[in-house]
Amino acid sequence: MLAKYKKVGKVLSVSMVAVLSLSLLAACGKKEEATTETKDTSAVVATYEGGTITANEFDMEQRVMKFLYPEYAQMMDMDDFKEYLVKQEVAYEYLSGKASDAAKTEGAKTATEQFDKMKASVQADQWTEMLKAQNLTDQNIKDYMTRIMTVIKDKETGVTEDAIKAEFENNKDQFTTASVRHVLINFTDPKTQKERKKEDALKLAKEVKAKLDGGADFAEIAKKYSEDTGSAEKGGLYEDTPVASWVDAFKEAAKTLPLNKISDPVETEYGYHVMKVEKRTEADYTKLTAEQKETLKSQLAAAEIDTFMTSELDKIVKEVKLPKTDKAEEGTTEGTTGTGTGTEGEKTDAGTDTKTDQGTTGTDKDTKTDESTDTSGK
């Protein structure tokens with residue numbers, strides 16, 4: 001597999017567990033005319049142990065991908081990304097074919113439930129137009145989701161309680177929440193858009209801290225001085241937020257600061273934050289909900305799928321024969337910061353990522369949207 005797309009594979013496998021937001025689905029491609037389904041006589045573009053992928057099947061895969069993950073549309077003009085996608089399609093076709101009957105039944109059930117939730121989140125006429133834009137039907141989307149979920153459910157059968165506990169210990173931040181007020185002084189002056197020297201930003205942050213230490217109301221100070229557009233009007237408050245959604249330095253302060261203590265300025269790549277942790281709920285395995293444990297199980301299943309793609313898939317694939325993209329039309333983007341339910345998301349001034357699910361049960365902490373209005377998140 002192509003190493004630089006390794007994280008993309010995780011997102012595309014696990015993000016089906018989350019309900020996709022309207023923002024994720026809003027971008028659509030050029031409208032195409034509907035076609036009548038006929039026998040597939042298109043060329044074989046990939047051959048693997050036990051089967052083949054045809055050009056029409058791969059085209060369908062790409063159209064469904066564009067529908068669910070529009071942020072990848074530009075990358076689909078790149079030859080190496082196409083090769084990654086066709087190999088990923090091989091992986092899921094191969095693994096779903098070997099899945100147990102129970103996993104197939106459970107995969108279909110879960111896929112249908114999540115498809116219904118996803119469709120219900122969009123107005124009916126908009127959903128219809130979005131399908132037409134990629135020349136798809138409801139069944140096309142369901143089939144894709146069923147294949148993904150069948151593989152995940154099959155891999156979940158081997159996940160033990162001990163493994164889930166270990167995964168929890170490695171990902172406690174995913175379930176620990178905090179309510180934090182902060183004032184951000186950016187490294188870029190929002191009024192002039194000119195870069196600030198670090199020492200100037202630190203000086204302003206220390207002045208803010210002095211006012212707070214002197215008894216000034218934090219909410220009023222945040223509204224007046226904070227340059228975090230995501231929280232300033234809320235008195236600098238991010239309430240009951242998973243600490244894993246914040247950049248490392250902000251996250252560590254949220255995890256370790258004594259409650260209701262005004263912090264010294266905390267530096268992140270976006271500026272200096274003066275913080276106060278008002279509440280923190282520590283993660284406890286015994287208090288996890290069934291849904292949260294299912295999330296951990298899905299993450300372990302996804303890791304097993306990722307291992308297969310990295311270590312075993314190339315032994316399964318016999319030949320890939322994709323037509324080369326015209327270099328004049330080939331995209332130049334080397335990566336993306338899209339959503340889906342998990343890729344690297346854009347970041348917020350408070351250090352938060354805007355995710356498809358702001359709760360503590362996101363299926364892939366790498367899966368995020370690009371809708372932040374802020375500038376200093378994870």
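Of all the listed residues (Asp228, Asp213, Asp217), the sole one being in contact (Cβ under 8 Å) with a residue 12 or more places away in the chain, open to solvent by 80 Å² or more (accessible area, probe 1.4 Å) and on the phi < 0 side of the Ramachandran plot is Asp213. Looking across region 77-102 at every residue that is aliphatic (A, V, I, L, M) and assigned to a helix (DSSP H, G or I), the one that is most open to solvent (accessible area, probe 1.4 Å) is identified as Ala102. Taking each residue of region 64-76 that is more than 14 Å from Met145 (Cα to Cα) and assigned to a loop (DSSP other than H, G, I, E, B) and looking for partners that are among the aliphatic types (A, V, I, L, M) and open to solvent by 10 Å² or more (accessible area, probe 1.4 Å) with beta-carbon atoms closer than 9 Å, six or more apart or interchain, yields Ala73/Ala27.
Quick grid of which residues meet (1) aromatic (Phe, Trp, Tyr); (2) more than 11 Å from Val274 (Cα to Cα); (3) at pLDDT 95 or above:
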site	(1), (2), (3)
Val183	no, no, yes
Glu199	no, yes, yes
Leu212	no, no, yes
Phe218	yes, no, yes
Gly235	no, yes, yes
Ser245	no, yes, no
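Considering the conditions (1) of a type in the set (A, V, I, L, M); (2) farther than 13 Å from Met309 by Cβ; (3) modelled with pLDDT under 95, Val8 is excluded by exactly one of them, (2).
Report yes if some residue within region 173-182 is over 30 Å from Tyr94 (Cα atoms), assigned to a helix (DSSP H, G or I) and in contact with a helix residue (DSSP H, G or I) (Cβ under 8 Å, 6 or more places away or on another chain); otherwise report no. Looking for residues that are over 30 Å from Tyr94 (Cα atoms), assigned to a helix (DSSP H, G or I) and in contact with a helix residue (DSSP H, G or I) (Cβ under 8 Å, 6 or more places away or on another chain), one finds at least one in region 173-182, hence yes. For Arg181, indicate whether it is closer than 16 Å to Ile262 by Cα, open to solvent by 30 Å² or more (accessible area, probe 1.4 Å) and within 30 Å of the chain's Cα centre (by Cα). For Arg181, the condition - closer than 16 Å to Ile262 by Cα, open to solvent by 30 Å² or more (accessible area, probe 1.4 Å) and within 30 Å of the chain's Cα centre (by Cα) - is met. Summed over region 233-250, the residues that are of a type outside the set (Ser, Thr, Tyr) and assigned to a helix (DSSP H, G or I) give a count of 7.
The values are calculated or read from the model by the stated rules, or taken from the named source; none is laboratory data. The structure displayed is predicted, hence computed values, not measured ones. Cβ: placed from backbone, ideal geometry, glycine included. Neighbour counts: every protein chain shown. In case anyone asks, the SASA skips ligands and DNA or RNA and just uses the protein heavy atoms, side chains included. Shrake-Rupley method; radii C 1.70, N 1.55, O 1.52, S 1.80 Å.
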